[in-house]
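The values are calculated or read from the model by the stated rules, or taken from the named source; none is laboratory data. Since the structure is predicted, the reported quantities are computational estimates derived from the model, not experimental observations. Methodologically, a virtual Cβ is constructed for each residue, glycine included, from the backbone with ideal geometry; neighbour enumeration extends over all protein chains shown. Remember, those area values only see protein heavy atoms, side chains included, never the ligands or the DNA or RNA. Shrake-Rupley method; radii C 1.70, N 1.55, O 1.52, S 1.80 Å.
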Amino acid sequence: MHHLIEKLAEIGTDRLLHFNACLCVAYLTARLLPCCTVERMLAGFAFAVLIGFGKELYDEGQDGNTFDWHDLLADVAGAAVGAMMIL
């Protein structure tokens, strides 16, 4: 158990926020759309990843900040989990 906690601590709070935000966006988008399940999942996933990508582009334009591929990976992972939660 201690090893798991250490691994989670290595991820960092910021990446967990990215994961959770995209999970929520993907889930809510997929839940609210009135089409078939596969289309809802794809739309929720794509919308959440697009928001995450936009956030990283915004960060790139800020002084002292950069585009972080690891944050985008956390976004993609959260979006995938959130989209699949409607099953």
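Of all residues in the range 54-87, those that are open to solvent by 80 Å² or more (accessible area, probe 1.4 Å) and either more than 14 Å from THR29 (Cα to Cα) or free of Cβ contacts under 8 Å to residues at least 40 places away in the same chain (or both) total 10.
When you scan the chain for helices (runs of 4 or more DSSP H) that lie fully inside it, which ones turn up with 1 or more residues that are of a type in the set (Lys, Arg)?
2-11, 13-32, 37-60
Residues in the range 33-53 that are open to solvent by 80 Å² or more (accessible area, probe 1.4 Å) and either small (Gly, Ala, Ser) or modelled with pLDDT under 95 (or both): PRO34 alone. Count of the range 13-32 residues, restricted to those that are at pLDDT 95 or above and more than 10 Å from the chain's Cα centre (by Cα), is 6.
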